[in-house]
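So that we are looking at the same thing, I have put the structure below in structure tokens.
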Amino acid sequence: MLAVSRTSATVVQEGLRAYADRKIFRNFVEEQGKDGRIRFRFVYLGADVMNLEFREQDRTLVIRNMLPRVSAGMYADLQAFLQRLHDSELPAYRRIDRSSAEAQFVRKRGNVSLVFRVKGGRYKYAVDKLIELASWIRTYLQGAYQTYLWEVMGEPVD
């Protein structure tokens, strides 16, 4: 039997759809964009709508404006947090494998986007790790930036 070749876009679409099918995402919408870009919108972790863009040509998954109104100090701290997650000393389940993907935050006009660059064709790994990373970021914010979550993200106070 011949193996069916799947494009990177298909792997990303199927990976994200699997999360929606398992009800991990709510209100999942997929749209074809310009220049081969695919945009996905969904609610994850009870947050506002996440806007994820897959750019096949650049091999990137980008969560646009993931964190609004981030100060320069908080941005520097978030960058350091992200770099620690690339540390090869961490167990595989708790780190981002640099040979498979690299993550970075990009701050523009105070809004922070998460850029995930896929390496070695590891698109399934990238989708899964990106979703895990969104959860890790949320957990980090709950410990280090509760006031930010309350005041900016509108999360209820416990």
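Just one of PHE25, PHE81, PHE54, PHE40 is under 28 Å from VAL152 (Cα atoms), aromatic (Phe, Trp, Tyr) and at pLDDT below 90; which is it?
After ruling out the rest, the residue left standing is PHE25.
Need pairs with beta-carbon distance below 6 Å; first residue under 15 Å from TYR140 (Cβ atoms) and touching a residue at least 24 places away in the same chain (Cβ under 8 Å) and within the range 68-91, second assigned to a loop (DSSP other than H, G, I, E, B) and charged (D, E, K, R); sequence gap 6+ or separate chains.
Hits for this filter: LEU85/ARG95.
What residue, of GLN13, GLN83, is surrounded by 16 or more Cβ atoms within 10 Å (Cβ to Cβ) and either among the small types (Gly, Ala, Ser) or assigned to a helix (DSSP H, G or I) (or both)?
Just a single option satisfies the conditions, and that option is GLN13.
Which of the residues belonging to the range 103-135 are in contact with a strand residue (DSSP E or B) (Cβ under 7 Å, 6 or more places away or on another chain), crowded, with 18+ Cβ neighbours inside 10 Å and either acidic (Asp, Glu) or farther than 28 Å from TYR148 by Cα (or both)?
VAL118, ARG122, TYR125
Let me ask something else. Considering each residue of the range 49-76, count those that are within 14 Å of the chain's Cα centre (by Cα) and under 19 Å from LYS108 (Cβ atoms), and give that number.
So the count comes out to 14.
Using the structure shown, decide if ALA92 is modelled with pLDDT of 95 or more and either among the hydrophobic types (A, V, I, L, M, F, W, C) or more than 25 Å from PHE40 (Cα to Cα) (or both).
No.
The values are calculated or read from the model by the stated rules, or taken from the named source; none is laboratory data. All values reported here derive from a predicted model rather than from experimental measurement. Cβ coordinates were reconstructed from backbone atoms using ideal geometry, including for glycine residues, and neighbour counts include every protein chain displayed.
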